[in-house]
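Participant: Shown below is the structure under consideration.
The values are calculated or read from the model by the stated rules, or taken from the named source; none is laboratory data. Please read all numbers here as calculations on a predicted model, not as lab measurements. Methodologically, a virtual Cβ is constructed for each residue, glycine included, from the backbone with ideal geometry; neighbour enumeration extends over all protein chains shown. Quick note on the areas: whole protein, heavy atoms, side chains included, nothing else; ligands and nucleic acids left out. Shrake-Rupley method; radii C 1.70, N 1.55, O 1.52, S 1.80 Å.
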Amino acid sequence: DIRVPGDTDSVFFGPTARLRLVDGFRKVTGIDTLGFVQDLELGAQLGITAGARVRDEAGRSEELQPEVSVDAAWAGEPLVDVFTRLDAATTARWSGSDVAGYDTRLSARTFVRASEQNTLAAAIRFDAVDEDQDLLRELLLGEDVGLRGYRARQFAGTHRLRLNLENRFDTGLELWTLRFGVVAFFDSAWLGRGSELGRPWTAAGLGLRIGSPPLLGGGVLRIDVAQPLDDVEGEDDGLRVSVSVGQVFGFDR
């Protein structure tokens, strides 16, 4: 059974502090974009927000709940043409001595510029959510959330771990304002509830990337054809095509 809360008003108030230590910038091409020079900001940052939330749900007494958010990130070039970024963020609020809800994210991304045309990219990300008072929160998984080869919103849970590996190649081919690239990729993900992540779901495939600074700026048009490597009961296990604007993962996200 899922408890559906009554109409709820909430207001948060509290200060935010942020520290940024910028080591420098690097201008690169071919990491997230095609035919567009990308600025990478290298350095570290830390942000903290601490305060309280007034929560007023119909049929229940008004409550004042402490709430804290912390986020941190580091980006650097540990080796020549190897760019890495680490991110961590969490938000939690309390009802009395109990945690009423939280949202946590940890991620790491690495890009290796093997040549002017070829970039090897890897990303791993963990997410966890929980909510005891407001509407139930769930994390989704499918071709729209980094697991190509499976339909959008195929899976749902409260804990998610995702791994993406890509070999990005800029062909150098241009037509009018369009520039073309190709990608070979492997996706793997786990999704569960509580502390259980469950079994892995995997897929592999090939993709086409189209860049056009006049039309897309620093974005790319992404067309992927993926083959699921695991069977889902009641689903067609054949090739699945996904089309979107933007990389599945990038240096800043």
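Participant: Which length gain, in nm to one decimal place, applies between V70 and L21 when the Cα-Cα distance is subtracted from 0.36 nm times their residue separation? Numbers along the way, then the final one.
Facilitator: Values: separation 49, 0.36 × 49 = 17.64 nm, distance 1.65 nm.
Answer, rounded to one decimal: 16.0 nm.
Participant: So what is the calculated 222 nm ellipticity per residue for the chain, using -39500 (n - 2.57) for each DSSP H run with n of 4 or more, over all residues, to the nearest 500 deg cm²/dmol? Walk me through the numbers before you get to the answer.
Facilitator: On the way: 1 runs with 4 residues, N = 253.
Computed mean residue ellipticity for the chain: 0 deg cm²/dmol.
Participant: Carbon and sulfur together cover what percent of the accessible area of the chain at a 1.4 Å probe radius? Could you put the intermediate results ahead of the total?
Facilitator: Working: 7700 of 13390 Å².
Solvent-exposed carbon and sulfur of the chain make up 58 percent of the total.
Participant: Please list 239-245, 3-9 highest first by mean number of surrounding beta-carbon atoms within 10 Å per residue.
Facilitator: Details: 239-245: 14.0, 3-9: 10.3.
Those peptides, ordered most packed to least, come out 239-245, 3-9.
Participant: May I ask you to evaluate 6.51 cos²θ - 1.76 cosθ + 1.60, the Karplus curve with θ = phi - 60°, for each residue of the range 77-88 and list the ³J(HN,Hα) values in order in whole Hz, giving x for glycine and proline?
Facilitator: Per residue, the Karplus-derived 3J(HN,Hα) values read 10, x, 10, 4, 6, 10, 10, 10, 9, 10, 9, 8 Hz.
Participant: Students often get this wrong: which residues of the range 117-156 have the backbone nitrogen under 19 Å from the point 7 angstrom along Cα-to-C-beta of R193?
Facilitator: Residues 127-142, 153-156 qualify, since their backbone N sits under 19 Å from the label point.
Participant: For the peptides 201-208, 56-63, what is the packing order when you average, over each peptide's residues, the other Cβ atoms within 10 Å and list the highest mean first?
Facilitator: Values: 201-208: 18.5, 56-63: 11.2.
By packing density, highest mean first, the sequence is 201-208, 56-63.
Participant: May I ask you to order 103-109, 17-23 by the average number of other C-beta atoms within 10 Å around their residues, highest value first?
Facilitator: 103-109, 17-23
Participant: Still on this model: Roughly how many Å² is the accessible area per residue of the range 1-74, as a whole number, for a 1.4 Å probe? Spell out each step's value before the answer.
Facilitator: Working: 4700 Å² over 74 residues.
Ligands and nucleic acids excluded, the figure is 64 Å² per residue.
Participant: Taking a quarter of the surface of the Cα convex hull of the chain, what do you get in nm²? Let's see the in-between values first.
Facilitator: On the way: hull surface 66.2 nm².
Seen from a random direction, the Cα hull of the chain projects 16.5 nm² on average.
Participant: For labels at R153 and V99 in the simple 7 Å Cα→Cβ model, what's the distance in nm?
Facilitator: Result for the modelled spin labels: 2.7 nm.
Participant: If you count only protein heavy atoms with a 1.4 Å probe, what accessible area per residue comes out for the range 126-199, rounded to a whole Å²?
Facilitator: On the way: 3580 Å² over 74 residues.
Value for the range 126-199: 48 Å² per residue.
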